Amino acid sequence: MSSSTSSQYAVLKDVFGYDSFRAGQEQVVDCLINNTSVLAVMPTGAGKSLCFQVPALVKEGLTIVVSPLVALMQDQVSALKLAGVAADAIHSNQNRDTNVEVWQRVSNGDVKILYLAPERLMTERMLGALSRLPVSMIAIDEAHCLSQWGPAFRPDYAELGNLSNTFPNVPIAAMTATADEATRRDIEIQLFNGNHETFVSGFDRPNLTLNVSMKKGWKDQLIDYVQSRKGVSGIIYCLSRKKTEEVAEMLRDEGMNATAYHAGLSPEERTERQNRFVTEPDLVVAATVAFGMGIDKPDVRYVFHTDLPASIEAYYQEIGRAGRDGKEADVHMLFGAGDIRLRKQFIEQETNSSEDHKRREVSRLNSLITYAEASSCRRQTLLNYFGEEPEPCGNCDNCLNPVEMKDGTDRATLIFDAIYETGERYGQAHVIDVICGKETEKLLKANHDNLSSFSKGEDIARSEWQSLVRQMISQGLLEVDIAGYSGLLITSKGNEFQRTNASFSYRDDALVSKQQKATRKKSKSSSNSSIDLSERDSGLLTALKKKRLELAKARGVPAYVIFTDKTLEDMAQRRPTTLEAFERVKGVGKSKLKKFADVFMDVIAE
């Protein structure tokens, strides 16, 4: 056993109190001790922090840890100090005098591990000061924030790509729990200038039972769920601060030990509730998504989502807070059509995001919807997303209680035909435009109205085609090229399916309620029905309505006087860019063509 090996085991035992490393940790530690940079993708609860903390204490010199959240920094520094490690942090929640004192200790060599936020680290002054110190390693926590392909891209993290220029011989440890293949590749390109190793631990958490239910009165569903688990600890994730308070109060009224946690609380209140959560064995916390990061609570017996999370990566990270002790735990998500609309609205309203980023976020959201609508093993669908191909788990709602299936072979074949005929270059919205026979400007420009698959599925609602595509993705027949332009690709399994004339079964779209189906029947016989817009067109419709309101206010008239909703919906689908095309929009006469065509075409062009 080499001296460095004995040192790392001594640190592991003496500082952290463990006799051996967990699966996946030791290879990362070995690389960093030997000055090889590492990208480590490990499940939540797998002990990522230890992977850079042990080498930091084995190696001579200072280790810098980049962390995105002040609360997370403070928790880790407190834990390290309690373990006898000379750790500290410089951040905005401390006053200037405190930060100066910390820096003095760092300069004197009295600090072994220094935590910094990325925006503070990447200032010219800080980099210059650190470059004069014996920096031995840099660790980047939540490294997926660095990738433009990642679900939580942060511009301040992107600057970290320059670290290898300032510290050319210093190994970098990039740590994350959630990075698909495209994100991993991007992190490697951005961060590492030379030799590095990538370790991807298995994403599976076999002790978690995965469940998804349609929303049918979420309050009753939640109360029934929590009451059946009374006496154990759980986390209930909610979309808003207001909802966390509402849920906590509702559960207390039902006789349960519950509290709320969100960013609107004072630091003292957050600390007090975190402490309660760690110490009280039956406390249920209704929280926004930041809760749980860095909190060492191994016996969380369930995680319940009252709303659809932002992405499949976010969902994976949040459910990872259950069952970290390895014992059985349960995760449950409620899911409704309103969730999808709200999430897409959030994406559209991201003012600082590029169109490319918004498109990728929609693709990631669709991957989560695919998981929620899966008719086969949920674990397979979840892990397929991260590049793994497990056997059916026997431990999710679909495995334990298989859903009723319908034959959809003809429909699947039509989807394959449309994807193949359009060259495997277009996303779901365009492929469904082809199948439904929607004559959008983009479709007509590509001459896709001449394809044999064009309008073959016009009698079936667009929402059902969307569900079919998602279920084909969940069954591994199609995949989304997130790193490209979110085009639908036919997988090798999909090609094999077509060669062997296999059959395809699907679950009838649970999101299409009886009321929606009745509305659809009525809409077929009613000329006043609303147009079924694609995801792509909905964002444009919002912009067109905003412009309409602006024009109406300037003229002191109701908005519909400018154009009706139906006219704007048709405009959003057709996307006219010439006067001739604009004139074909329903509800546009010559006078309005003259007054408004250029204004609205500018919105379309933007």
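The values are calculated or read from the model by the stated rules, or taken from the named source; none is laboratory data. These numbers were taken from a predicted model, which means no experiment stands behind them. Using ideal geometry, Cβ is built from the backbone for each residue, glycine included, and neighbour counts are taken over all protein chains shown.
Looking only at region 415-435, filter to residues that are part of a helix (DSSP H, G or I) and over 27 Å from the mean Cα position of the chain (by Cα); which one of those is nearest to residue 498 (Cα to Cα)?
Filtering region 415-435 for residues part of a helix (DSSP H, G or I) gives 415-421, 428-435.
Pick out the ones that are also over 27 Å from the mean Cα position of the chain (by Cα) and you get 416-418, 420-421, 434-435.
Values: 416: 8, 417: 10, 418: 13, 420: 12, 421: 14, 434: 20, 435: 18 Å.
Here the answer is 416.
Let me confirm something: among 177, 258, which residue is crowded, with 16+ Cβ neighbours inside 10 Å and either in contact (Cβ under 8 Å) with a residue 40 or more places away in the chain or closer than 30 Å to residue 34 by Cα (or both)? Among 177, 258, only 177 is crowded, with 16+ Cβ neighbours inside 10 Å and either in contact (Cβ under 8 Å) with a residue 40 or more places away in the chain or closer than 30 Å to residue 34 by Cα (or both).
Summed over region 115-172, residues that are among the charged types (D, E, K, R) and within 24 Å of residue 310 (Cβ to Cβ) total 6. The condition (being more than 23 Å from residue 386 (Cβ to Cβ), in a loop (DSSP other than H, G, I, E, B) and small (Gly, Ala, Ser)) is satisfied by just one residue among 323, 264: 264. When we screen 22, 96 for residues that are touching a residue at least 24 places away in the same chain (Cβ under 8 Å) and of a type in the set (Lys, Arg), the only hit is 22.
If residue 248 passes every condition in (1) within 21 Å of residue 220 (Cβ to Cβ); (2) of a type outside the set (Asp, Glu); (3) out of contact with any Ser or Thr (no Cβ under 6 Å at 6 or more places or on another chain) but one, which one does it miss? Here residue 248 clears every test but (3). Here residue 395 fulfils each of the conditions (1) closer than 22 Å to residue 467 by Cα; (2) surrounded by fewer than 24 Cβ atoms within 10 Å (Cβ to Cβ); (3) touching a residue at least 12 places away in the same chain (Cβ under 8 Å); (4) of a type outside the set (A, V, I, L, M) apart from (1). Can you find a residue that is within 22 Å of residue 340 (Cα to Cα) and more than 25 Å from the chain's Cα centre (by Cα) anywhere in region 223-243? Looking through region 223-243, none of the residues is within 22 Å of residue 340 (Cα to Cα) and more than 25 Å from the chain's Cα centre (by Cα).
Scan region 1-15 for residues that are more than 15 Å from residue 27 (Cβ to Cβ), of a type outside the set (A, V, I, L, M, F, W, C) and modelled with pLDDT of 55 or more and report the count. Adding up the residues that qualify gives 4. Scanning region 238-247 for residues that are touching a strand residue (DSSP E or B) at 6+ places or on another chain (Cβ under 8 Å) and either assigned to a loop (DSSP other than H, G, I, E, B) or within 17 Å of residue 278 (Cα to Cα) (or both) yields a single hit, 238. Residue 188 falls short on exactly one of the conditions (1) acidic (Asp, Glu); (2) in a helix (DSSP H, G or I); (3) closer than 18 Å to residue 316 by Cβ, and that condition is (3).
Report whether or not residue 252 is crowded, with 16+ Cβ neighbours inside 10 Å and more than 30 Å from residue 474 (Cα to Cα). Steps first, answer last, please.
Details: crowded, with 16+ Cβ neighbours inside 10 Å: no; more than 30 Å from residue 474 (Cα to Cα): yes.
Taking the combined requirement at face value, the residue does not satisfy it.
A Cβ distance below 9 Å, combined with a sequence gap of six or more or placement on separate chains, defines the contacts here; from region 323-351, residues that are surrounded by fewer than 19 Cβ atoms within 10 Å (Cβ to Cβ) reach residues that are part of a loop (DSSP other than H, G, I, E, B) and among the hydroxyl-bearing types (Ser, Thr, Tyr) in the pairs 337/513. Note on region 194-217: among residues that are over 21 Å from residue 329 (Cα atoms) and surrounded by 14 or more Cβ atoms within 10 Å (Cβ to Cβ), the one that is nearest to the chain's Cα centre (by Cα) is 200. The number of residues in region 495-522 that are within 26 Å of the chain's Cα centre (by Cα) and modelled with pLDDT of 90 or more comes to 0.
Given the condition closer than 25 Å to residue 224 by Cα, surrounded by 22 or more Cβ atoms within 10 Å (Cβ to Cβ), out of contact with any Leu (no Cβ under 8 Å at 6 or more places or on another chain) and not small (Gly, Ala, Ser), answer yes or no: does some residue in region 378-387 qualify?
no
Checking 331, 278 one by one, the residue that is aliphatic (A, V, I, L, M) and either touching a Leu at 6+ places or on another chain (Cβ under 7 Å) or on the phi > 0 side of the Ramachandran plot (or both) is 331 and no other. One residue stands out in region 6-24 among those that are hydroxyl-bearing (Ser, Thr, Tyr) and not in a helix (DSSP H, G or I): the one that is farthest from residue 83 (Cα to Cα), namely 20.
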